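The values are calculated or read from the model by the stated rules, or taken from the named source; none is laboratory data. Since the structure is predicted, the reported quantities are computational estimates derived from the model, not experimental observations. Virtual Cβ from ideal backbone geometry, glycine too; neighbours counted across all protein chains shown.
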Amino acid sequence: MDRNPVVAGQFYPENKEKLFQEVASFLQGEPRKTPTILSMVPHAGYIYSGKICGKTLASSQLKPTILLLGPNHTGKGAKLALWPEGKWFIPGGYLEVNSELAIQLNEISQIKFDYEAHLFEHSLEVILPFLFYLNPQTTIIPICVSEYNFEILQQTADQLANILDPQKTTIIVSSDMSHYVPHDIAYTKDHKALKHILNLDVLGLIESVQKHNISMCGILPMTLGLLIAKKWNACKGILIDYATSGEVSGDFNQVVGYAGVIVE
């Protein structure tokens, strides 16, 4: 089953020429010398988060297969929902799901083949034009994550780390940070969470998000992603950039925070 875009014309341009012109303008930076194990990028409309997403992915040294981990905003489908095959279309192209790997991942009991969680979920879709522009031969493994049980996430991470090849796979986590709070509060809260991400401190991240009431929508996929990264001997995280929507809209009273992170 193929997936057609659902937020083209809303979050990013529907016209392919305009889309890739925008994407090219955001992809500013040189890939780091060390291979990227995980990148965390935001998923808002490009006017707000495209610059950070582009800068982060341009700075990443990506492998040919991308494990895409995103939140479930719709509440539909399985808690660990894997789209198992087909093409994910964007204006002007598509990326192919790595169905061979998806079949192997179906051996993990917690992961379910599921379309419903993905059909109207935007968090992974908005990243695809960047990945296509960088390498149209990239294959993807899209998983929508709403599982909150830490033990299940740990078990799933262990199995994913064993099945997937870190020499051929990069993890990309889709997450925005604080939602609809004043700019200064977003900055302060988000950097508390980012400190733990950069230190690869998974439990510290979860505790910080809970303690400080940080509305980071991708906390669950980031937890899963960091657990896999640590199994793949990740050593450090690097903050590529941070901004809030207020810096674009001029409204600093109700902002959303965006961060770009690379884990090596």
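Laid out as a table, the results:
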quantity	calculated
Residue that is within 25 Å of G237 (Cβ to Cβ) and part of a strand (DSSP E or B), where the choices are G70, G54, G50	G70
Tally, over the range 28-53, of residues that are touching a residue at least 40 places away in the same chain (Cβ under 8 Å) and buried (at least 19 other Cβ atoms within 10 Å of the Cβ)	15
Condition check for V255: of a type in the set (A, V, I, L, M) and touching a Pro at 6+ places or on another chain (Cβ under 8 Å)	yes
Flag if L160 is within 25 Å of E264 (Cα to Cα), surrounded by 22 or more Cβ atoms within 10 Å (Cβ to Cβ), touching a residue at least 40 places away in the same chain (Cβ under 8 Å) and over 15 Å from the mean Cα position of the chain (by Cα)	yes
Any chance K63 is in contact with a Lys or Arg (Cβ under 6 Å, 6 or more places away or on another chain), among the charged types (D, E, K, R) and part of a loop (DSSP other than H, G, I, E, B)	yes
Scope the range 47-59; condition over 16 Å from I140 (Cα atoms) and not basic (K, R); matching residues	I47, Y48, S49, G50, I52, C53, G54, T56, A58, S59
Given (1) free of Cβ contacts under 8 Å to residues at least 60 places away in the same chain; (2) of a type outside the set (V, I, T); (3) not in a strand (DSSP E or B), number of the condition E85 does not satisfy	(1)
Selected residue [over 16 Å from V41 (Cα atoms) and within 17 Å of the chain's Cα centre (by Cα)] from L205, L224, L198	L205
Among the residues listed as E125, E100, the single one being buried (at least 20 other Cβ atoms within 10 Å of the Cβ) and acidic (D, E)	E125
Residue match in the range 2-21 (condition: under 27 Å from G257 (Cβ atoms), in a loop (DSSP other than H, G, I, E, B), modelled with pLDDT of 95 or more and of a type in the set (F, W, Y))	yes
